[in-house]
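Have a look at the structure below, then the notes.
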Amino acid sequence: MTPAATEPHVYADLDVLRQTWSSKPGLFGWLSSINHQEIGRRYILTAFIFLLLGGFEALLMRLQLAKPENTFLSAGRYNQVFTLHGTTMMFLFAVPVMEGMGIYLVPLMVGTRNVAFPRLNAFGYWMYLAGGLFLYGCAFFNMVPDAGWFSYPPLSGPQFSPGKGVDAWAQMITFTEISALCVAVELVVTILRMRAPGMSLNRIPMFCWSMLVQSFMIIFAMPAVMIASTVFLLNDRTLGTHFVNPAEGGNPLLYQHVFWFFGHPEVYIIFLPALGMVSSILETHTRRQIFGYPALVLSLVGNGLIAFGLWVHHMFATGLPQIGEAYFTATSMMIAITSGVQIFCWLATLWSGRLRVTTAVHFVFGFIFIFVMGGMTGVMLASIPLDLQAHDTFFVVAHFHYVLIGGALFPLFGGFHYWFPKFTGRMIDERLGRLSFWLLFVGFNATFFPMHWLGMLGMTRRVYTYVPGLGWDRANMAATIGAFIILLGGLIFIANALRSRGSGARAENDPWEGSTLEWEAGSPPAPYNFPNLPVVTSRTALWTPVAERSIVVGLREDRREILISNVLDAEPHHRSVQPRPSLWPLLTAFGFSIGLAGSIFAFFWYYVASVLGMIGLIGWFWPNRPLEVDP
Amino acid sequence: MTQSMWHASGSNATLIRELAVIFGILLIAIFGIVVGLTLFSLRRRHRSLPQETLERLHQASAGTEAKLRTAVAIATGITVLILFGLTVVSISVGKIVSASMAPAGSLTIEVTGAQWWWKIRYANDDPSRILQTANEIHIPVGQSIAIRGNSGDVIHSFWVPSLQGKRDLIPGQPTYEWLQADRPGEYRGQCAEFCGLQHAHMAFWVIAEPADRFNAWMDHQLEPAMEPADEQSRRGREVFLKAACVLCHAIRGTGAGAQIGPDLTHFGSRKTIAAGTLVNTKGNLAGWIADPQNIKPGTHMATVPIQPAEMQPLIDYLESLR
């Protein structure tokens, strides 16, 4: 369509390449696939199914709260539903869907053929899937957690939460954390060592920067939640340890500290990739290089660092020493600086570009509106006196839905419309896309804006009902109606995606004239991504005139060879051979899953996990391929 | 009936409300500016078909970039200044409202959270003037009250929005805050930390009265329960003392002294039943005693079988405990 979309000369035998990089056909091929596109797609689709489940749970809650003293759900059922809603959205939707986008897009954006450690990638997905099935499987057999997604002891401890529900919750986290750590390690290595020649650190696309920072955050944050949920809580419950059980001399506040040391960075783990998506969408649609690239990168890194220093603002009401309160108030305010810089840079980009308004841009504008408002209420919650009133009320519920739905879901939906042609090879319908945007935007604000007011009027969180006469009735009804508008918007979004995937207009490789390498690959990309790996000479690789671009030749096509480059300047370093598809990641994940799932019932299953896992790993690493590395 | 932070009637709550107004005005203005600037950028948009071929802009002129850099730097600088200011006022107000040490001469009240009610104990150096009650706190207007929080089971959070922010009640670790009512009134409070099945039905009332009325109330509450005035109430007391009620409840002046459930010595004087769940009327009380699980599913109040003929005397007796 334009010069930028013309492919450079191809010096490769595409048939051989395709044969080398394709997954095997049939069911066996599907189960053994280690292709990043297939696994990324699986993550995204699975996460969307969990989004639907979590959304369904949200509707149940809104129905119950529509009027005072409602009896639609019982107290016990409501507590289960809100626990499942939070758990599903945080652990089974938000993090995995961002991981999925990263797994799919990062190798394309940095110009390589797959992620580093592709078998680990498959293993991570199977663990995630097993964790989700495990939680909902337990729920199906009435082992439903009901102590909240945060499961504070002693309420979640053995004395006050008998039964297996909280065990299932805690162990599900183990599954998803293993999965998240796998993805984080792969993406860090992919981004740092597998970039196309010439893509020095200052030319990495913003989305890859965001995934890099996010991955490092996962590596530091996820072990903390494993300590909280598994070491402290699960061991207290199943082995009778005394970490956080006050009845046995344990300290329940210790759990809160460790949990929020993970829990606050978790929010940024979810929404940093979304910031990367916003930058990608804006750069392409304003037709100019994103303004303030160094400032944006430094803000991302700053967000990532500061996020680890403000967890205590979740605990202001526990009565800390005042010097601690002052410190955590200040750090919580600081995060608004780095977030503000990003908003300013995007505004500068918008003001100096020539914006093309597509559905994706609608979602970006919705993001700015909602996220900035969430940021404002965030500043209020950082202030210790205001937090003492707003904490654990619907004000907080409104705040974090503004930052999570506005900050992560809207950019994700924008990104979904933006990359839809790349994922499917078809254009997504713009008219239906805009309709779904407006329904989601209006429905979102109708649902969550009244909650600010409810919180200030004293409505506490996690209540299954409330008495009439406190002035809460009408705002609750408005929120419930809003929730159904969101549902309508969501249904139209799904219908649009399904319809466009089947019968949308064929997409070219680069329908938006994008700046980053993924638009040079096919739509959808071939299993090898690029016939020849590209060489990058600028930050906006595809906006460099074709005549000035070159390609990498010399990689063998008859085996899975990739190019490893150095960290700073992405100079080619050596060639490396990637493993072939294998069933072992699935079998290993199966072994670990059986053991982890069983271990909440009997200690014996730890041994099963060890033995099965060991067998799986031996099979996985059995030396059956040439491991030579050419200089 | 209100539970709103805007309806501030105590010194700390008023300070917080004033801070909220400052934050609110400033932040709404900033929000308006950012959204306005975003929407204003639309005037530069392409107005034609989405698929039109676009000119290769890709980079603004050096002059524009320099202007944008200045603008972003100034905006960032202003952000830093505003946040610094907000941090300073937050910390200074926080020093007052979040202090764990109450001003000297405060009245100390111990609040112990339990699933799903509040045990209230007025501390006093004179053991004969220590008062134990439940779910309703009377305080004198204009005097600072030190709240010493504790929990007997899981974590709860003590919150009366009209008077003060919240403070968690943590088992095995006392927490402190202080509050003061500036106006007489009845202020509703509610547990703010999720504490299990009936977290939603764990409310209480703080009743602020002039000092003389408070002292009269206190003197009366310290008295043991009144002797039944009539035959009906006397029969009710017998029913109470013979039934399983005494396994959990205390009525001072009778043989009932258990400390598991709320103290009922002056039950008839309280506004509500079951921690704010029901208004304290004879009808509601009968319903509550007959089937607590129906009214507050999961409550630890046992369903004690009472003969129909004995119910009315029992109700009359309990309501006479004023």
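The values are calculated or read from the model by the stated rules, or taken from the named source; none is laboratory data. Source: prediction; values computed, not measured. Here Cβ is always computed from backbone atoms with ideal geometry, including for glycine, and neighbour counts include all displayed protein chains. These accessible areas exclude ligands, DNA and RNA; they are computed on the full protein's heavy atoms, side chains included. Shrake-Rupley method; radii C 1.70, N 1.55, O 1.52, S 1.80 Å.
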Anyone know which of B:A203, B:A181, B:A244 comes out most mobile in the 10 Å Cα GNM of chain B? B:A244
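What ranking do B:219-225, A:526-532 get when scored by the average of other Cβ atoms within 10 Å per residue, highest first?
Top to bottom by mean Cβ count within 10 Å: A:526-532, B:219-225.
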Quick check: at a probe of 1.4 Å, how many percent of the accessible area of the range B:213-301 sits on carbon and sulfur atoms? 56 percent
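Using 1/(1 + (r/R0)^6) with R0 = 51 angstrom and r between the beta carbons of A:H574 and A:I494, what's the FRET efficiency to the nearest 0.05?
Efficiency, rounded to the nearest 0.05: 0.70.
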In whole Hz and in residue order, list the ³J(HN,Hα) couplings for the range A:460-471 that follow from phi through the Karplus curve 6.51 cos²θ - 1.76 cosθ + 1.60, θ = phi - 60°; x for Gly and Pro. 7, 6, 6, 9, 7, 7, 8, 7, x, x, 9, x
Working note, the range A:73-128: Cα radius of gyration (Å, one decimal) and Dmax (Å, whole number) are 16.5, 53
Kirkwood Rh (inverse of mean 1/r, distinct Cα pairs), the range A:224-295, angstrom: 15.0 Å
For chain B, the longest principal axis of the Cα atoms and the Cα long axis of helix B:211-222 enclose an angle in degrees, to the nearest 10, of 50 degrees
Please list the non-local residues whose amide H lies under 5 Å from the amide H of B:Y176, H modeled 1.01 Å from N, same-chain partners needing a gap of 5 or more. B:G149
Pull out a ≥ b ≥ c, the square roots of the eigenvalues of the alpha-carbon gyration tensor of the range B:231-320, then state rounded if a/c is under 1.5, prolate if not and a/b is larger than b/c, and oblate in the remaining case. rounded
Skip the ligands, DNA and RNA, and give the accessible area per residue of the range B:231-320 with a 1.4 Å probe, whole Å². 44 Å²
Give the longest segment of chain B that steers clear of GluC sites (Glu not before Pro) in DSSP loops with at most 16 neighbouring Cβ atoms within 10 Å, not counting the sites themselves. B:56-322
Three principal axis extents, largest first, for the C-alpha atoms of chain B, in Å? 97, 51, 33
Accessible surface buried once B binds A (1.4 Å probe; total of both sides; Å²): 7700 Å²
Counting only other chains, and only Cβ atoms inside 10 Å, what mean value do you get across the residues of A:459-471? 6
What is the helix-to-structure angle for A:584-598, meaning the angle in degrees between its Cα long axis and the longest Cα principal axis of chain A, kept from 0 to 90 and rounded to the nearest 10? 10 degrees
Approximate spin-label separation B:F40-B:Q143, in nm, with each point projected 7 Å along Cα-to-Cβ: 5.8 nm
Within 10 Å of each Cβ in peptide B:94-103, how many partner chain Cβ atoms are there on average? Round it to a whole number, please. 4
In degrees, nearest 10, the alpha-carbon axis of helix B:11-40 is tilted away from the dominant principal axis of the alpha carbons of chain B by 30 degrees
So what are the ³J(HN,Hα) numbers for the range A:100-117, from phi and the Karplus equation (6.51, -1.76, 1.60; θ = phi - 60°), rounded to whole Hz, Gly and Pro as x? x, 4, x, 4, 6, 8, 4, x, 5, 6, 8, x, 9, 9, 6, 6, 5, 6
So how much accessible area does A:H452 have, in Å² to the nearest 10, using a 1.4 Å probe? 10 Å²
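Loop-only chymotrypsin sites (Phe, Trp or Tyr not before Pro) in the range A:118-158, please: DSSP not H, G, I, E or B, and at most 13 other Cβ atoms within 10 Å.
Counting only loop positions with at most 13 other Cβ atoms within 10 Å, the chymotrypsin sites (Phe, Trp or Tyr not before Pro) in the range A:118-158 are A:F141.
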Compute the FRET efficiency between A:F28 and B:K95 as 1/(1 + (r/R0)^6), taking r as their Cβ-Cβ distance and R0 = 60 Å, and round to the nearest 0.05. 0.35
FRET efficiency, A:V611 to A:L239 (Cβ-Cβ, R0 22 Å, nearest 0.05): 0.65
When ranked by the protection proxy of mean other Cβ atoms within 10 Å per residue, highest first, what sequence do the peptides A:214-220, A:612-618 form? A:214-220, A:612-618
Pick out, from A:N445, B:Y317, A:I564, the residue whose Cα sits farthest towards the positive end of the charge dipole of the protein assembly as shown, with +1 on the Cβ of Lys and Arg and -1 on the Cβ of Asp and Glu. A:I564
Residues of the range A:155-169 with backbone nitrogen within less than 12 Å of a virtual label 7 Å along the Cα-to-Cβ line of A:A602, please, listed as ranges. none
Given a cut-off of 23 Å, what percent of all Cα-Cα pairs of the range B:107-209 lie beyond it? 19 percent
Quantify, in whole percent, the carbon and sulfur part of the accessible surface of chain A (1.4 Å probe; protein heavy atoms only). 70 percent
Considering only protein heavy atoms, what per residue accessible area in square angstrom results for the range A:532-577 with a 1.4 angstrom probe? 44 Å²
Just to be sure I follow the definition: excluding the sites themselves, where is the longest run in chain A that has none of the GluC sites (Glu not before Pro) in a DSSP loop with at most 10 other Cβ atoms within 10 Å? A:70-627
Return a whole-number percent for the relative contact order of chain A, with Cα pairs under 8 Å and 6 or more residues apart as the contact set. 21 percent
For the pair B:R213/B:S269, report the inter-label distance in nm, with labels modelled 7 Å from Cα in the Cβ direction. 1.4 nm
So which residues of the range A:335-354 lose at least 50 Å² of accessible area, probe 1.4 Å, when you go from the chain by itself to every protein chain present? A:I337, A:F344, A:L347, A:W351, A:S352, A:R354
For B:L169, which sequence-distant residues (separation of 5 or more, or a different chain) have an amide H within less than 5 Å of its own amide H, given hydrogens modelled in the peptide plane? B:H156, B:S157, B:F158
Charge-dipole axis of the protein assembly as shown as Lys and Arg at +1 and Asp and Glu at -1 on Cβ define it, positive-most pick from B:T79, B:V93, B:G185: B:T79
Work out from phi, with θ = phi - 60° and the Karplus expression 6.51 cos²θ - 1.76 cosθ + 1.60, the ³J(HN,Hα) of each residue of the range A:246-263, listed in order in whole Hz, and give x for Gly and Pro. x, 5, 10, x, x, 10, x, 6, 4, 4, 4, 4, 5, 4, 7, 4, 7, x
Accessible surface, per residue, of the range B:107-209 when the full set of protein chains is kept, probe 1.4 Å, Å²: 25 Å²
Give the residue from A:H264, B:A13, A:L234 lying farthest towards the positive end of the charge dipole for the protein assembly as shown; charges sit on Cβ (+1 for Lys and Arg, -1 for Asp and Glu) and the dipole is referred to the Cα centre. A:H264
Measuring from its Cα centre, the protein assembly as shown shows a charge dipole (+1 at each Lys and Arg Cβ, -1 at each Asp and Glu Cβ) which, in debye to the nearest 20, is 2020 debye
Shielding by partners for A:538-547, please: the mean number of other protein chain Cβ atoms within 10 Å of each residue's Cβ. 1
Using a 7 Å offset from the Cα along the Cα-to-Cβ direction at both B:E231 and B:T14, what is the distance between the two label points in nm, to one decimal? 5.6 nm
Sticking to Cα atoms, compute the Rg of chain A to one decimal and its Dmax as the biggest Cα-Cα distance, whole number, in Å. 24.4, 77
